[in-house]
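A quick write-up on the structure given underneath.
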Amino acid sequence: MVACGGGIVLDPANIRLMKETGIVVCLTATADVIMKRASGSCDRPLLNVPDPQKQIELLLKLRAPYYARSDFTVNTSRMTPVQVVSRIIRLISPKVKVKAETRKGR
């Protein structure tokens, strides 16, 4: 598993490579939840602006078409980390089995 920043999808080569080598799961949340989770962090240069809430909304809107290319999307807004992991496992389990069988046949 590789956890990437949200902007990685802006380069089509990145999306292609991720899809060729794995299963792409987009973890998303509402702008309000993202704002709460990111507040107090100095490690978010894109949010070091006068109105970070507006910036989050803009980034989500601009990136939506790219995020839509994911194999799966999980809205984490009302989920605990354990619930997120459980959801991902349920979503990708069938695909992992198919990919493993496909690789055996090569």
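The residue of region 24-42 that is farthest from Thr80 (Cα to Cα), among those that are over 15 Å from the mean Cα position of the chain (by Cα) and not in a helix (DSSP H, G or I), is Cys42. Looking across region 49-66, the residues that are in a helix (DSSP H, G or I), in contact with a helix residue (DSSP H, G or I) (Cβ under 8 Å, 6 or more places away or on another chain) and more than 15 Å from Cys26 (Cβ to Cβ) come down to Pro52, Gln53, Gln55, Ile56, Glu57.
For region 1-15, a residue qualifies if it is in a loop (DSSP other than H, G, I, E, B) and over 22 Å from Pro81 (Cα atoms), and exactly one does: Asp11.
Scanning region 16-23 turns up one or more residues that are assigned to a helix (DSSP H, G or I), among the basic types (Lys, Arg) and within 22 Å of Phe72 (Cβ to Cβ).
Residues in region 29-46 that are surrounded by fewer than 12 Cβ atoms within 10 Å (Cβ to Cβ) and of a type in the set (Gly, Ala, Ser): Ser39, Gly40, Ser41.
Looking across region 5-28 at every residue that is touching a residue at least 12 places away in the same chain (Cβ under 8 Å) and farther than 17 Å from Lys95 by Cβ, the one that is surrounded by the most Cβ atoms within 10 Å (Cβ to Cβ) is identified as Val9. If you scan region 72-84, which residues turn out to be without any contact (Cβ under 8 Å) to a residue 40 or more places away in the chain, of a type in the set (Val, Ile, Thr) and either assigned to a loop (DSSP other than H, G, I, E, B) or in contact with a Ser or Thr (Cβ under 7 Å, 6 or more places away or on another chain) (or both)? Correct list: Thr80 only.
Sort through Arg87, Arg69 and tell me the only one that's outside any helix (DSSP H, G or I) and either surrounded by 14 or more Cβ atoms within 10 Å (Cβ to Cβ) or of a type in the set (Val, Ile, Thr) (or both). Being outside any helix (DSSP H, G or I) and either surrounded by 14 or more Cβ atoms within 10 Å (Cβ to Cβ) or of a type in the set (Val, Ile, Thr) (or both) holds for just one of Arg87, Arg69, which is Arg69. Look at (1) touching a Ser or Thr at 6+ places or on another chain (Cβ under 9 Å); (2) modelled with pLDDT under 95 and you find that Ser93 fails only one, number (1).
The values are calculated or read from the model by the stated rules, or taken from the named source; none is laboratory data. Bear in mind that the values here come from a model prediction, so they are computed numbers and not experimental data. When we count neighbours, we look across all protein chains shown, and the Cβ atoms used for this are built from the backbone with ideal geometry, even at glycine.
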